[in-house]
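The values are calculated or read from the model by the stated rules, or taken from the named source; none is laboratory data. Bear in mind the structure is a predicted one, so any value in this text is a computation, not a measurement. Because the Cβ atoms are built from the backbone with ideal geometry, glycine has one as well, and the counts that use them run over all protein chains shown. Keep in mind that these areas ignore ligands, DNA and RNA; they rest on the heavy atoms of the full protein, side chains included. Shrake-Rupley method; radii C 1.70, N 1.55, O 1.52, S 1.80 Å.
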Amino acid sequence: MIDDETPVLDNHLHLDPDNHRGIDAVRDFARLGGTHLLVVNKPSWHLEVEAEAGEEFRPVFERTIEIVEDATEELEGRAWPVLGVHPGLISRLVDDRGYDPDEAREIMHGGIDVAAEYVARGEALALKSGRPHYEVSEAVWEASNAVMRHAFERGAELDCAVQLHAEAGEEMTEVAEWAKAAGLPAHKVVKHYAGGRLEGPVPSVMSEKDRLEVAAERGEPFLMETDYVDDPDRPGAVLGPKTVPRRVAWMLENGLDEAVRIAHIETPKMVYGIDTVETLERA
Ligand SMILES: [Zn+2]
């Protein structure tokens, strides 16, 4: 069982109270022992925002910040927003809306810059960027890498972490080098939807038992997530909001206490500078 002193953080999920479960999902998470959440804004087009400039991302970010405030009310710890531009947006801009890759890159840079304003004001914790996880043209790939490097530059200026959505794999050292070149240390770059092992950025491990066993055995910094999408059209697309606390309980039952400490206390502190112990007030 999870005791009162153990923080339990889901490092990447989405909440959509306007269309699906929203805060009910947070209550489920909290009831099972979950205490802290990093809530990532949904892809802009899911909220019917077809941005043509960075400013147009603002309502998406503002809504996420409101949702985080409501989520915090339900938690013994708290929630924080992670804001940015989903890398899949480039395909919508280029394939569906007729922008060339350079124009798409500029729109996405603009979105990252607006997200960075919220981090600068202390209203968001980290940035979200990345590159497509599917096959794209050379020009789209280059533009996507440029967007990701732009996010690293903003992250370096703000001293904030950057969460990445990217292709599957266990090796991203080149990307970590780009971050370092921009002034952002590799330990502030997080690859979401990761397996248990990753060279370069810090893996945010999808909370399946086999992936967690690999991460625990490795003994390196890692985070745990569900990528819960809170989308009525994709109910089984990802793990549910109860998964991280359930897996933490399972890890503790199986003697993986050290891995729990790494994923829920040490790594959050190292990556984001957050203190999940100090911000935990169990009733
Ligand atoms: Zn996600």
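Structural remarks
- Expressed as a whole percent, the accessible surface of the range 152-283 that belongs to carbon and sulfur atoms is 44, based on a 1.4 Å probe.
- Straight Cα distances below 26 angstrom link Lys188 to the lysines Lys42, Lys128, Lys180, Lys209, Lys269, with same-chain residues fewer than 8 positions distant left out.
- Assuming charge only on the beta carbon of Lys and Arg (+1) and of Asp and Glu (-1), the dipole of the range 216-263 about its Cα centre is about 120 debye to the nearest 20.
- Heavy atoms of the protein chains alone define the surface here; on that basis the range 187-275 has 40 Å² accessible area per residue at 1.4 Å probe size.
- Within the range 167-283: Cβ-based charge dipole about Cα centre, in debye rounded to nearest 20 (Lys, Arg +1; Asp, Glu -1): 220
- FRET efficiency estimate (nearest 0.05) - Cβ-Cβ, Asn145 to Asp275, R0 30 angstrom: 0.35
- Selection from Met1, His12, Val114 lying farthest towards where the dipole of the range 1-129 points positive, charges on Cβ: Met1
- Paramagnetic label zone (point 7 Å from Cα along Cα-to-C-beta, Glu66; backbone N under 12 Å) in the range 37-51: none
- Long-range amide H partners of Ala126 with built H, under 5 Å: Leu83
- Cβ-based charge dipole, the chain, positive-most Cα from Ile67, Ala259, Leu32: Ala259
- Among complete DSSP H helices in the chain, those whose alpha-carbon atoms stretch at least 20 Å along the helix's long axis and whose mean Kyte-Doolittle hydropathy reaches -0.5 are 58-73, 101-120, 138-158.
- Amide H contacts of Glu199 (H built 1.01 Å from N, under 5 Å, at least 5 apart or other chain): Glu171, Met172
- Remark: spin-label model distance Asp96-Glu73 equals 3.3 nm, labels positioned 7 Å along the Cα→Cβ axis.
- Using only the C-alpha atoms, the convex hull of the chain corresponds to 114 Å³ per residue.
- Overall form of the range 100-206 per C-alpha gyration tensor (a/c, 1.5; a/b vs b/c): oblate
- Dividing the alpha-carbon radius of gyration of the range 171-241 by the rule-of-thumb value 2.2 N^0.38 Å gives 1.24.
- In this label model, Arg31 and Asp233 are separated by 2.8 nm, measuring between points 7 Å along each Cα→Cβ vector.
- Dipole magnitude of the chain about its Cα centre (Cβ charges: Lys, Arg +1; Asp, Glu -1), debye to nearest 20: 480
- His187-Glu52 FRET efficiency (beta carbon distance; Förster radius 35 Å; 0.05 resolution): 0.50
- Straight-distance crosslink candidates among aspartates and glutamates, where the alpha carbon sits under 15 Å from Lys191 and sequence neighbours closer than 8 are dropped: Asp10, Glu167, Glu170, Glu171, Glu174, Glu177, Glu199, Glu220, Glu225, Asp227
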